[in-house]
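So the structure is just underneath, and the comments pick up after that.
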Amino acid sequence: FSGQLVGMDISEGNMKSVIETSKRDTLDIVFETGTAEKLRFADESFDIVIAKHMIYHVPDMQKAVDEAYRCLKRNGLFIVTLNSGATRPLLNKVISEASKKTGIEKISHERRLTTEMYPQLAKKFSSTELKEFKNQIILEDPQIYIDYLDSCRNLLNMVVTDAEWFNIIKASEIIIKDVMKNEGKIIEQNSFGIFICRK
C-alpha cells in the first residue's frame, strides 16, 4: 500500500494511543478530530473509508453513511464492521437478570444497528457484500467481562441513574461469578460481519 492514510475520531483523547504508536513507528498517518456526520473532506477524496464497530455510536447513522459515500472516489469501498443481532446472548441474559434483581424491568442491551439492519442504510452503493464470522470469546477472568459490561451503559435501551447502574453491575458480578463457578470459564458466542460496499 502507498498513499495518504487519515485516522479520525470525534474525541482527540480516544486517538492518543494510536497517535503515539504512529509517531513511534514513524507511520505516515494524519489524524483528524471530527464527526462522521459532517466530514471536512472534499467529494471523492478517498479510495477506501473504514468504519470499524463505530457507526452505531453516531446519532445520525444514515448521515454518516451518506458522508462516507460522498467522500469516496468512483468504485471506492466503504468497509463497515457490525455485530449481528444474535451476538453475545450471555451479555443480554446477564443484563436482563441483573436489572430484574435490582427492580428495573425491561432493560436490555440495545442493538441500534446490526448486520441484519445495515443494508437499508447502504442503498446508494452499487453493491454491498457481507462476509459473516462466528467465533467464541472465552474468558477465565470474570473482571474482563464485568468491565466490558460496564462499558455498555450508553447502549442500553433506557437511561439509568448512576446508583441504578452501580446496582446492576453489582448484581451482574454475582451472576457472572456463578457462571464461572459452574462452568469454569465464560464462553460467549460472537457473531459479526464485514460489509464491503462499492460506490
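What relative contact order, as a whole-number percentage, does the range 54-199 give when Cα pairs under 8 Å and 6 or more residues apart are counted?
Dividing the mean separation by the residue count of the range 54-199 yields 43 percent.
Residues with beta-carbon under 12 Å from that of Val58, excluding Val58: net charge, scoring Lys, Arg +1 and Asp, Glu -1?
In short, -2.
Trypsin sites (Lys or Arg not before Pro) within the range 7-67: which are DSSP loop residues with at most 15 other Cβ atoms inside 10 Å?
Lys38, Arg40
For the range 43-95 and the range 140-199, write down the distance between their C-alpha centroids in whole Å.
Measuring centre to centre over Cα atoms gives 22 Å.
In whole percent, and with a 1.4 Å probe on the protein chains, what portion of the accessible area of the range 1-53 is carbon and sulfur?
Ligands and nucleic acids excluded, carbon and sulfur give 52 percent.
Between beta-carbons, use under 14 Å as the cut-off and find the net charge around Ile137, counting Lys and Arg +1, Asp and Glu -1.
Within the 14 Å Cβ shell, the charges total -2.
Determine the per residue accessible area of the range 1-125 with all protein chains present and a 1.4 angstrom probe, expressed in square angstrom.
Accessible area per residue, the range 1-125: 60 Å².
How do 126-135, 81-90 rank on mean C-beta neighbours within 10 Å, highest first?
Descending packing order for the listed peptides: 81-90, 126-135.
With a ≥ b ≥ c the root eigenvalues of the C-alpha gyration tensor of the range 124-167, is it rounded (a/c under 1.5), prolate (a/b larger than b/c) or oblate?
Here the range 124-167 falls in the oblate category.
Go ahead and estimate [θ] at 222 nm for the chain from helices alone: -39,500 (n - 2.57) per DSSP H run with n ≥ 4, summed, over the residue count, rounded to 500.
Theoretical 222 nm ellipticity from helices: -10000 deg cm²/dmol.
Which shape class, rounded, prolate or oblate, goes with the range 1-50 when its Cα gyration tensor gives a ≥ b ≥ c as root eigenvalues, a/c under 1.5 marks rounded, and past that a/b bigger than b/c marks prolate?
Here the range 1-50 falls in the oblate category.
Quick one: net charge around Asp162, please, counting Lys, Arg +1 and Asp, Glu -1 for every other residue with C-beta under 13 Å from its C-beta.
Once all neighbours under 13 Å are counted, the net charge is 0.
Taking a 21 Å limit on the Cα-Cα distance, which of the listed pairs Lys16/Lys199; Lys63/Lys134; Lys23/Lys199; Lys106/Lys177; Lys38/Lys123 fall beyond it?
In this structure, Lys16/Lys199; Lys63/Lys134; Lys23/Lys199; Lys106/Lys177 exceed 21 Å between Cα atoms.
Compute log10 of I(q)/I(0) for the chain with the Debye formula, placing one identical point scatterer on every Cα and leaving out solvent, at q = 0.09 Å⁻¹, to two decimals.
Once normalised to I(0) and log-transformed, intensities are -0.44.
The values are calculated or read from the model by the stated rules, or taken from the named source; none is laboratory data. As the structure is a computational prediction, the values presented were derived from the model and not from experiment. FYI the Cβ positions are ideal-geometry reconstructions off the backbone, even for glycines, and counts take in every protein chain you see. Heads up: the accessible areas ignore ligands, DNA and RNA and are worked out on the full protein's heavy atoms, side chains in. Shrake-Rupley method; radii C 1.70, N 1.55, O 1.52, S 1.80 Å.
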